[in-house]
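Worksheet for the structure shown next.
Any read-out appearing in this document is the output of simple, stated calculations on the displayed coordinates, not a laboratory observation. Since the model is a prediction, treat every value here as computed from it, not as a measurement. Neighbour counts run over all protein chains shown; Cβ positions are idealised from the backbone, glycine included.
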Amino acid sequence: MGITVNIGYNLSIMDNMIECSDDLYIRARRLDPQALAELHDQLYPVVYRYVCFRLEDHQIVEDIAAEVFLRLLDALHERPDSIREPKAWLMGTASNLVYEHLRQRYRHPVENLDTHLDLTADHNTEAIVEKKHTDWMVHEAMRELTDDQQQVLALRFSHGMSISETARMVKKSVNAVKVLQYRAMSSLRRILEKKRDL
């Protein structure tokens with residue numbers, strides 16, 4: 001008997017179409033406040049969702065997403081011509097910050113109090129416990145995947161990117177991304193089945 005792995009999130013079709021127009025980016029490179037605000041409004045949800053898919057703690061997710069945009073501002077101040085595709089640059093920066101956070105967390109583990117259940121707010125305790133347990137199992141299983149596999153799954157399922165978009169983001173061929181996704185899903189399924197049987 002197999003286990004179904006559902007790691008997708010509800011995404012609107014528009015998320016895949018969010019691209020920074022050339023005009024908007026040109027104005028942002030000139031540090032036009034309105035253009036910077038529009039760029040932030042368009043791309044912050046994309047960055048936030050990607051980081052959220054990779055990490056559990058929403059406070060850390062918010063901090064990292066904000067740091068990504070602060071680094072964008074710094075880069076636009078110091079070397080505005082170095083960023084060709086703002087969305088790709090933001091996602092790459094988010095990915096680097098997530099890796100940095102995970103390395104730090106591995107070296108200095110900390111218990112997050114927000115992950116403990118607040119059972120007083122809802123009467124359906126069993127459903128809450130079940131969902132928290134499933135979420136925890138998926139996050140724990142994701143940690144056992146390689147960094148490349150985690151990144152591919154995050155981009156494909158939390159951000160809804162196509163295979164070719166994901167390949168551009170991770171700087172790999174389309175076939176390599178397909179293989180990474182297949183192996184990641186197989187590994188994730190195997191890990192979750194093993195955890196379920198314990």
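Just to confirm a number: summing +1 for Lys and Arg and -1 for Asp and Glu over residues other than ILE163 whose beta-carbon lies under 15 angstrom from that of ILE163, what do you get? Surrounding charge for ILE163 is +4. Counting only lysines at least 8 places from LYS87 when in the same chain, those with an alpha carbon closer than 25 Å to its own are LYS171, LYS172, LYS178.
State the extension gain, in nm to one decimal, for the chain segment bounded by LYS194 and GLU38, taking 0.36 nm per residue of separation less the distance between their alpha-carbons. Mind showing how you got there, number by number?
Numbers: separation 156, 0.36 × 156 = 56.16 nm, distance 4.59 nm.
Length gained between LYS194 and GLU38: 51.6 nm.
Need one number: the % of Cα-Cα pairs in segment 153-198 sitting beyond the 17 Å mark.
When all Cα pairs of segment 153-198 are counted, 38 percent exceed 17 Å.
Amide H contacts under 5 Å for GLU144: none, restricted to partners 5 or more places along the chain or on a different chain, H placed in the peptide plane at 1.01 Å from N.
Could you compute the FRET efficiency for ASN175 and ALA127, with r as their C-beta to C-beta distance and R0 at 30 Å, rounded to 0.05?
E(calc), rounded to 0.05, equals 0.15.
With 0.36 nm allotted per residue and the present C-alpha distance subtracted, the ASP81-TYR182 stretch has 32.7 nm of extension available.
Net charge near VAL179: determine it from the other residues with C-beta under 14 Å of the C-beta of VAL179, scoring Lys and Arg +1 and Asp and Glu -1.
Working: positive: ARG156, LYS172, LYS178, ARG183; negative: ASP148.
Net charge in that neighbourhood comes out at +3.
Each residue of segment 161-174 was assigned a 3J(HN,Hα) from its phi angle through the Karplus curve 6.51 cos²θ - 1.76 cosθ + 1.60 (θ = phi - 60°); the sequence is 6, 6, 4, 5, 5, 4, 4, 4, 5, 8, 6, 9, 6, 4 Hz, with glycine and proline shown as x. Subtracting the Cα-Cα distance of ASP74 and ASP147 from 0.36 nm times their residue separation leaves 23.6 nm of extension gain.
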